[in-house]
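Worksheet for the structure shown next.
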Amino acid sequence: MRKSTSLLPVTLMFLALAAVAFFSNQYPIYAEDDHGDYRFTSTNLNIGAGAIAGVINLSDILFDVDYFSFQAQRGVEYTFVLDEITVVDANISIINSLSRGNSSSPEQELTVTGGQKTVTWVARTTDTYYVEVSGTINSFDGSFYLGSYTLSGFEDTRFLDRHSDESNGATQISSGNVYQGAISPWSNQPNLTNTVDGGDDYDFFSFQAQRGVKYTVEVDLGTSEGVEIAIQTAFAGVEKTSDGIGNTLSWISPRNSTYYIAVSGTTRVRDSMGTYAIKLNAETALLDQHSGTVAGATVISFGNAHQGSISPADDQDYFSFPALRGVKYMLDVSLGSADGVALTVIDASGTSLASNGGVGTSLEWLAPANGTYLAVISASPQVPNVIGTYSLNLSSDNTLQDHHGDFPGAASVLSFGNAHPGAISPETDRDYFSFLAERGVNYSLALELITATGAVISIEDSAGDTLSSTNGLGTGLGWTAASTGTFYVVVSYSPQATEGIGSYALTVSANTSLEDRHLDTASTGTPLSFGTVYQGAISPKSDLDFFTFPAKRGVEYLLDLTYGSASA
């Protein structure tokens, strides 16, 4: 027969009977008691050291009670065997320590087999406990059952509580190693928690987690039928739990910090008490290697692959690179275990300049100015599995680099007849070229389109006024200088072009045959000598060429004008 016992110690009953005996003045003399009748006079019981003999005999109060003390360790299962030699139907019970009161310790299991009684009990606290052996009364004639017995104690240390029940005493573990443990005690009785009897067992393990790393806790069940696994912080509580289902728990660390694994019993199985082995695995491929801030961004080099991972889901990896105005930069991502990523380019203030919205694995961007910019890789909202690895490659197209200034003071100096390469990039780009123009000279501007499909060609004076322009139509412009001075050719983005961003080559030539060789006033006219041919040109339309000669009264002078390219 096996049953759970929770009887009050018979000592309480004896105290009441002692008063009766005191007032009756009946004090018969009995044989000397072999073991103390109280806990503070108990006999020490060495667990596993063999049987101790005892006798239940008559005493001043009814019959004898024998107390035995032993040092209990939390979680250890103790078994006490009472062999009734001559005594009949003796009682055996485990009594709490002095600090825990006079009651029987909870969760005792009594098994009766013939003349042998066995009590099995798991220590809920580490302390000195007691075994109480007492006699009983014959219910038929009121006599006492007296006689001898032996008591033996055994322990099963497999269930010893090796790990703290609180995070501040947690066992430090490292990934890849196996650690033994046991769920003991485990009663599924919440009413015992925070009482003198001690709550159920929780084993705490601590580990240093790194942001983004995926940790998997594996529990190999020994004699335990099931456990609950939980990841906890020191103060904020549970991060994730298995809820008693299964023997593994995977979790991605949101930050670099100390975390705790709590292993406990679960109500989902019949009996959680028992042994287990725990192992922590770390998937370091998901380690967050790149900062999520502008200040901590990883500097990347062009043409090289940079490994990274999106982990946890809110992870943002920042990469910084120097950019030149007008250069096209290409961000290409090779996906590893991630299903997709979002690519964004931001400036140093955090303003977004371009993004792929999580669609695709590449992004092209034209730098609007020289400076340091950042590529940000984050989880794509377009895919179900955002956690995973990737490889980033950054390349540039320098053919679009802005080689020419955007204003007259930074203009490139033109040489006539030579091709000057350039590029319109970005759309706001304006390439200025300066040249010294001579009044009346006709200048031809020819634009060879390379990757751009169109551009606007304009002539500006030093005041910034536009004197002539193609307005984006065609690739050539002719212009005659109305005065001598410095002028500017401006090449800019054409909204009419299908591809306004791109490279070109500019060539400017001068037709000096129309150069204004003669001044516009009589006082500065060119002196003529008779019989000599003088070359000239009307250019521009407002041009007046003055010639001077000495004339005599009455002499007839013949002026012969031969047209070249001009007509009457």
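Annotations for the structure displayed:
- Meets criteria (farther than 24 Å from residue 57 by Cβ and touching a residue at least 12 places away in the same chain (Cβ under 8 Å)) for residue 101: yes
- Selection status of residue 468, in contact with a Phe, Trp or Tyr (Cβ under 7 Å, 6 or more places away or on another chain), over 18 Å from residue 400 (Cβ atoms) and not charged (D, E, K, R): yes
- Number of positions in segment 280-319 that are of a type in the set (Val, Ile, Thr), in a strand (DSSP E or B) and either in contact with a Cys (Cβ under 9 Å, 6 or more places away or on another chain) or in contact (Cβ under 8 Å) with a residue 60 or more places away in the chain (or both): 1
- Residue match in segment 494-516 (condition: among the hydrophobic types (A, V, I, L, M, F, W, C), loosely packed, with under 15 Cβ neighbours inside 10 Å, at pLDDT below 85 and touching a strand residue (DSSP E or B) at 6+ places or on another chain (Cβ under 9 Å)): no
- Qualifying residue in segment 138-147 (condition: modelled with pLDDT of 95 or more and touching a Gly at 6+ places or on another chain (Cβ under 9 Å)): no
- Which listed residue, of 150, 216, is within 15 Å of residue 282 (Cβ to Cβ) and part of a strand (DSSP E or B): 216
- Segment 512-524 residues that are touching a residue at least 12 places away in the same chain (Cβ under 8 Å), paired with ones that are part of a loop (DSSP other than H, G, I, E, B) and of a type in the set (Val, Ile, Thr) (beta carbon under 7 Å, 6 or more apart): 512/441; 514/441; 515/441
Residues checked against (1) surrounded by 22 or more Cβ atoms within 10 Å (Cβ to Cβ); (2) modelled with pLDDT of 95 or more; (3) not assigned by TED's automatic domain parsing to the domain that holds residue 383:
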| site | (1), (2), (3) |
| --- | --- |
| 292 | no, no, yes |
| 312 | no, no, no |
| 319 | no, yes, no |
| 322 | no, yes, no |
| 331 | yes, yes, no |
| 335 | no, yes, no |
| 342 | yes, yes, no |
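- Subset tally (residues that are part of a loop (DSSP other than H, G, I, E, B) and β-branched (Val, Ile, Thr)) for segment 242-279: 4
- Segment 454-469, subset among the hydroxyl-bearing types (Ser, Thr, Tyr) and loosely packed, with under 14 Cβ neighbours inside 10 Å, residue nearest to residue 506 (Cα to Cα): 466
- Restricting segment 421-444 to residues that are of a type in the set (D, E, K, R) and more than 13 Å from residue 458 (Cβ to Cβ), the residue that is farthest from the chain's Cα centre (by Cα): 439
- When segment 394-425 is filtered for residues that are surrounded by 17 or more Cβ atoms within 10 Å (Cβ to Cβ) and closer than 30 Å to residue 308 by Cα, the ones remaining, listed by number, are 394, 396, 397, 400, 401.
- Per the listing 116, 180, 172, the residue uniquely within 30 Å of residue 65 (Cα to Cα) and in contact with a strand residue (DSSP E or B) (Cβ under 6 Å, 6 or more places away or on another chain) is 116.
- You will find that of 327, 263, 269, the residue that is modelled with pLDDT under 95 and within 30 Å of residue 223 (Cβ to Cβ) is 269 and no other.
- Where a residue in segment 250-271 is under 13 Å from residue 215 (Cα atoms) and its partner, wherever it lies, is of a type in the set (Lys, Arg) and assigned to a strand (DSSP E or B), with Cβ under 7 Å and at least six apart: 250/214; 251/240; 252/214
- Residue tally, condition farther than 22 Å from residue 442 by Cα and either in contact (Cβ under 8 Å) with a residue 24 or more places away in the chain or touching a helix residue (DSSP H, G or I) at 6+ places or on another chain (Cβ under 9 Å) (or both), over segment 531-550: 2
- Within the option set 484, 466, 453, being out of contact with any Ser or Thr (no Cβ under 8 Å at 6 or more places or on another chain) and either under 19 Å from residue 433 (Cα atoms) or of a type in the set (S, T, N, Q) (or both) holds for one residue only, 484.
- Considering residues of segment 230-260 that are in contact with a strand residue (DSSP E or B) (Cβ under 6 Å, 6 or more places away or on another chain) and charged (D, E, K, R) only, the residue surrounded by the fewest Cβ atoms within 10 Å (Cβ to Cβ): 240
- Qualifying residue in segment 107-120 (condition: in contact with a helix residue (DSSP H, G or I) (Cβ under 8 Å, 6 or more places away or on another chain) and surrounded by 20 or more Cβ atoms within 10 Å (Cβ to Cβ)): no
- Residue list for segment 69-86, filter: crowded, with 23+ Cβ neighbours inside 10 Å and touching a Ser or Thr at 6+ places or on another chain (Cβ under 6 Å): 75
The values are calculated or read from the model by the stated rules, or taken from the named source; none is laboratory data. Computed from a predicted model, the values in this text were never measured in an experiment. Counting neighbours? That spans all protein chains shown, and the Cβs are built from the backbone with ideal geometry, glycine included.
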